Structure formats: structure tokens, C-alpha cells
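Let me begin by presenting the structure, written as C-alpha cells, before commenting on it.
The values are calculated or read from the model by the stated rules, or taken from the named source; none is laboratory data. As the structure is a computational prediction, the values presented were derived from the model and not from experiment. Quick reminder, even Gly has a Cβ in these numbers, built from the backbone with ideal geometry, and neighbours come from all protein chains shown.
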């Protein structure tokens, strides 16, 4: 029996979320039933908040609070965008799908919504942002930290400094970066940060949270509510006055999130970051050896996934289907990248054996698909069928141009 035989008994989620969860979470989600209006849930919610603050390594803990929302990361983002701006103006920075989603959501709630939009995968130009902030009255700047559609990690410190210099609040979508990337809320001037349970934290989908400065939470009451369920001021009031959530929470998911955070802190936050980054490195080295090219420069990449250009002779839908037959799940490209790329995540409970299995399977599937494509064009010899060349050389990674 090979080391891969047992792997085929489950789906391996090489995606940016949802992810394969630890066995300890499977036990946690099945804990005893409790009432969410009793002290049992009070203690659970406060324990989760404390662990989130610890995860972010916030030194001045009293200056920050964290509210938990039953809803996906998009719910947390809409809670911020509908609660923080009031009658002010907000500037959305977008260089991908989720920056576009922030903009679309903001337009619903905020009449004075501004946009700086760049092609997917294009780094922000700090000078362009600074010039815009100097020539417009902007109260809030919003940005996605990790743009999952391309795998690009946008800079926090520089943009946060520009927002601070202009007197604007800086709010960040950290849905797919919290738990995998270093985020210094204090140093980067982040007023509110959103995230999700089901990505780098390794828990089940269905919960999100917003971490914010206490003084900014307290100021939310000055704004008229634009939503009911996602009103951050209400979440904060219930947390501070009752140690509760304003609406019925998905209690089993709270147990699982608490366990996931416990697992992260037990491992050590920095150690976990390093492990996730090393796992991404193993996958990237392995895929480079298959002469696969990446969408963006590695210097701009996040730690949780890699976006790979599809070889010209390979249909990405067929690639995804063949990998699924081997219990491997990957993402296809979206929007303007549909049919052009595939994405390989490296978070969740994935072992080194899982990564070796993925790389070996990817090699076999790509070779088979390329060979089939060649056979449809013209007969070829067995010698010419070896279209994937193993190489230690690193291909040039061109900036994405759309």
C-alpha cells in the first residue's frame, strides 16, 4: 500500500476556503446543546473575542474589540460598509473581484462612494492614491488585503499611512488573510478589519467577525442605521452590555471557531504563518518543475494560494474534472481570468504527503491532457508526447496583463 492510498478516501481541498478541518473541530461542533441567552454562551463569545485579539497580536488589547457575526465574510464587509461611513465619503481601492464587491456593496449604502480601480493583479500606485486623497475629501478608505481572484497581497502599511495623513479611517477586508499573514492593526492604522471562520483559520464556513478600535465602535452610534441585521453598532452594544450577539447565533459554529483559534494559538501564531508560507513554497517549487507559469510576480503573492496560468493545450475545466476524479479540488479562474488560470490553495489540514500526492497527480493529469490534445491535432510519437519537462529552472513570471 502506497502513502497515497488513504488519501483517496477524502476530498483534498486545495482551495482558499472552505478547507479540510482538523479532527478537533469535528468534535467541537458536536458539543452539548446550550442556550445562546445563558451564561454558557456569554463565556464562549468572550473566549472567542479574546482569542481573536491574541491571534492579531494586539498589544494594547483594551483599545480593540471583536464582534462575531453569523454570516460569511461578505456579511462582515457589508456590516463595515453600511455602519462606518455614515453621511461621509468613502474611497474603494480595487484591483480584483473582491475590491469590486466592496465597491458594489458600498454603492448600495453610501451615496458618496469613490473608486480607484486597476486591472486585476495590478499593484496599487501609492502616488495615485495620495494624489486622489489630497484632491478629494475622503472620510474612509477601504481595501482588500488579499485579493483571492489573483492571489495578490496588497500593502497595508503604506495605504494605512496615506489614509492617516489625510484624516481618513482605514478599513480592510482581511477575509482570506487573517490567520495566514502578519497584520499589525495598530501600526497600519486599521480602524476596522473583517475576516471569516472558513479560510486561514481552518474552521467551518458560516461565521465572520469584525475587529475594530474601541473608540471607533463607540462612535458608530452617531450614524443612522442603514441595515438591521448587519448594524455594527448593535453588535457592539450587545457585546458590551450583555456579552451576547443581537440575533440568534449559529452556536455549533461558535464552538468550532473557538477550537480553531485554540489550535492556532497552541501552535503559535508566527510558527503557523511560517508553516503556511513554507507549504506554499513547496507547491510553487513543484509546479515550477512542471514548467508552469504563475499569474503574478511571487513578490506580490499571498501565502495561501497560487494562481497558475493554464498551458495553451489544456482545458481548465477538464483539468479540474480529472483532478476531482483523484479526490483533489482546485479553483478555476473567475471573471476575466476564466479559462486562463487555475488556483491552488494551501491552507487547512493538508499534509506533506497530500502535497506530494497533488503534485504527482497534477503532473500525470497535465501530461495526459496535453497528449490527448496533441493526438487530436496530429499523430505524434511517444517521444514527442512528453510535453511537461521537469526542470529546476524558474520560468519568467510576467505581470498579468488583461
Region 130-149 - residue that is closer than 16 Å to residue 82 by Cα and out of contact with any helix residue (DSSP H, G or I) (no Cβ under 7 Å at 6 or more places or on another chain) and, of those, surrounded by the most Cβ atoms within 10 Å (Cβ to Cβ): 140
Taking the criterion of being within 15 Å of residue 253 (Cα to Cα) and surrounded by fewer than 21 Cβ atoms within 10 Å (Cβ to Cβ), would at least one residue in region 11-18 satisfy it? yes
Residue 86 passes all but one of (1) outside any loop (DSSP other than H, G, I, E, B); (2) farther than 26 Å from residue 305 by Cβ; (3) touching a helix residue (DSSP H, G or I) at 6+ places or on another chain (Cβ under 8 Å); which number fails? (1)
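Looking at 42, 50, which one is over 24 Å from residue 109 (Cα atoms), part of a helix (DSSP H, G or I) and in contact (Cβ under 8 Å) with a residue 40 or more places away in the chain?
Values: 50 fails: in contact (Cβ under 8 Å) with a residue 40 or more places away in the chain.
Matching residue, one of 42, 50: 42.
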Among the candidates 101, 65, 37, single out the residue that is more than 23 Å from the chain's Cα centre (by Cα), surrounded by fewer than 23 Cβ atoms within 10 Å (Cβ to Cβ) and not assigned by TED's automatic domain parsing to the domain that holds residue 343. 37
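Taking helices (runs of 4 or more DSSP H) that fall entirely within region 249-325, which contain at least 2 residues that are in the same structural domain as residue 174 (by TED's automatic domain parsing) and crowded, with 20+ Cβ neighbours inside 10 Å?
Working: elements: 251-267, 269-288, 316-325.
Correct list: 251-267.
Inspect region 183-198 for any residue being farther than 23 Å from residue 58 by Cα, assigned to a loop (DSSP other than H, G, I, E, B) and at pLDDT 95 or above and give the result as yes or no. Even if it seems obvious, please write down each step before you answer.
Residues of region 183-198 farther than 23 Å from residue 58 by Cα: none.
No: zero hits.
Which one is surrounded by the most Cβ atoms within 10 Å (Cβ to Cβ), of the residues in region 207-222 that are out of contact with any helix residue (DSSP H, G or I) (no Cβ under 7 Å at 6 or more places or on another chain) and in contact (Cβ under 8 Å) with a residue 60 or more places away in the chain?
Going residue by residue through region 207-222, those that are out of contact with any helix residue (DSSP H, G or I) (no Cβ under 7 Å at 6 or more places or on another chain) are 212, 215-216, 218-219, 222.
So of that shortlist, the ones also in contact (Cβ under 8 Å) with a residue 60 or more places away in the chain come out as 212, 215-216, 222.
On the way: 212: 27, 215: 10, 216: 18, 222: 9.
Among those that are out of contact with any helix residue (DSSP H, G or I) (no Cβ under 7 Å at 6 or more places or on another chain) and in contact (Cβ under 8 Å) with a residue 60 or more places away in the chain, it is 212.
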Failed condition for residue 116, given (1) in contact with a strand residue (DSSP E or B) (Cβ under 6 Å, 6 or more places away or on another chain); (2) in a helix (DSSP H, G or I); (3) free of Cβ contacts under 8 Å to residues at least 40 places away in the same chain, with all others met? (2)
Answer from 358, 342 - the residue that is more than 25 Å from residue 98 (Cα to Cα) and either at pLDDT 95 or above or assigned to a helix (DSSP H, G or I) (or both): 358
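Only one of 163, 187, 157 is crowded, with 23+ Cβ neighbours inside 10 Å and under 27 Å from residue 214 (Cβ atoms). Can you tell me which?
Values: 187 fails: crowded, with 23+ Cβ neighbours inside 10 Å; 157 fails: crowded, with 23+ Cβ neighbours inside 10 Å.
Result: 163 is the single residue among 163, 187, 157 that is crowded, with 23+ Cβ neighbours inside 10 Å and under 27 Å from residue 214 (Cβ atoms).
If a residue has to be outside any loop (DSSP other than H, G, I, E, B) and touching a strand residue (DSSP E or B) at 6+ places or on another chain (Cβ under 8 Å) to count, how many in region 223-237 make the cut? Break it down into steps so the answer makes sense when it comes.
Initially, region 223-237 is screened for residues outside any loop (DSSP other than H, G, I, E, B), giving 232-237.
Right, trim to touching a strand residue (DSSP E or B) at 6+ places or on another chain (Cβ under 8 Å) and you get 232, 235-236.
So the answer is 3.
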Report the residue count in region 326-339 for those that are in contact with a helix residue (DSSP H, G or I) (Cβ under 7 Å, 6 or more places away or on another chain) and not in a loop (DSSP other than H, G, I, E, B). 3
